[in-house]
Amino acid sequence: MINEYDAERILVQNLKFDTLKIEKIDNFVKKLLIFNKKRNLIAKSTEKKVWLRHILDSAQLVKFIDEKNCSGIADLGSGGGFPGIILAIYYQNYNFHVKLYEKSPIKSAFLSNISKQLDLNCKIICGDVNSLKIESNYIVCRAFKKLPYILNISRENCVKKHKIIVM
């Protein structure tokens, strides 16, 4: 099993995360696990595998996003912040925002709080994505909804030229 140190090495060597970004992810993981004791952000069964199951799984998306042609990233159904918070940490110094769409007020409050604590350049939108216009040209989602539902949102609510990464 991959531990925290192996995951950090992969983040640095393979995905080009720097030391400050690793520190922010580490801080995020600690706060996530504390909050998860009160509210279910991630399954309890995945807490011990958080670095592999959630962090690395989310971080791999940086290989598929062309930051030179990115006007924004929308994470649909962010939940505990995956992949949105990880992408916001990685792209914090770029000229576009990562927007995290989360319907649950409790999860949205957690995401807002963590984004402020980590000083991230992201926006948290608490609401139903069906009633919102999504201006980002990259749409990402992980454990959100079934593919036909995602494609309908893509067709009806998103800017016409965008890419979708469904995990």
Original post:
Of (1) modelled with pLDDT of 95 or more; (2) open to solvent by 20 Å² or more (accessible area, probe 1.4 Å), ALA59 satisfies all except one. Which?
Top reply: (2)
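For segment 147-167, what are the residues that are of a type in the set (A, V, I, L, M, F, W, C), in a strand (DSSP E or B) and more than 17 Å from PHE82 (Cβ to Cβ)?
Within segment 147-167, the first condition is being of a type in the set (A, V, I, L, M, F, W, C), and the residues that meet it are 147, 150-151, 153, 158-159, 164-167.
From what's left, in a strand (DSSP E or B): 158, 164-166.
Matches in segment 147-167: CYS158 only.
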Original post:
How many residues, within segment 1-56, are under 29 Å from SER104 (Cα atoms), of a type in the set (Ser, Thr, Tyr) and modelled with pLDDT of 95 or more?
Top reply: 0
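Select from segment 51-103 the residues that are farther than 30 Å from MET1 by Cβ and among the hydroxyl-bearing types (Ser, Thr, Tyr) and list them in ascending order. Give the derivation first.
As a first pass, look at segment 51-103 and keep what is farther than 30 Å from MET1 by Cβ: 66-72, 74, 93-97, 99, 101, 103.
SER71, TYR94, TYR101, listed by residue number.
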Subject >> Filter result (part of a loop (DSSP other than H, G, I, E, B), in contact (Cβ under 8 Å) with a residue 40 or more places away in the chain and basic (Lys, Arg)) within segment 8-52 >> reply: LYS16, ARG39
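Please determine whether any residue of segment 3-20 is acidic (Asp, Glu), surrounded by fewer than 14 Cβ atoms within 10 Å (Cβ to Cβ) and out of contact with any His (no Cβ under 8 Å at 6 or more places or on another chain). Quick ask: steps written out before the conclusion?
So in segment 3-20, the residues acidic (Asp, Glu) come out as 4, 6, 8, 18.
Subsequent filtering for residues that are surrounded by fewer than 14 Cβ atoms within 10 Å (Cβ to Cβ) retains 6, 18.
Narrowing the set further to residues that are out of contact with any His (no Cβ under 8 Å at 6 or more places or on another chain) leaves 6, 18.
Yes; the residues of segment 3-20 include at least one that is acidic (Asp, Glu), surrounded by fewer than 14 Cβ atoms within 10 Å (Cβ to Cβ) and out of contact with any His (no Cβ under 8 Å at 6 or more places or on another chain).
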**OP:** Could you name every one of the strands (runs of 3 or more DSSP E) located completely within segment 79-146 that has at least 2 residues being at positive phi, modelled with pLDDT under 95 and crowded, with 24+ Cβ neighbours inside 10 Å?
**Re:** none
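Take segment 62-78 and flag every residue that is surrounded by fewer than 24 Cβ atoms within 10 Å (Cβ to Cβ) and outside any helix (DSSP H, G or I). Please lay out each step first, then the result.
Looking only at segment 62-78, we keep the residues that are surrounded by fewer than 24 Cβ atoms within 10 Å (Cβ to Cβ), and these are 62-72, 77.
Result: ILE65, ASP66, CYS70, SER71, GLY72, GLY77.
The values are calculated or read from the model by the stated rules, or taken from the named source; none is laboratory data. None of these values were measured; they are calculated from a predicted model. Every residue, glycine among them, receives a Cβ derived from its backbone with ideal geometry; neighbour counts consider all protein chains shown. For the accessible areas, the whole protein counts, side chains as well, though only heavy atoms, and no ligand, DNA or RNA atoms are used. Shrake-Rupley method; radii C 1.70, N 1.55, O 1.52, S 1.80 Å.
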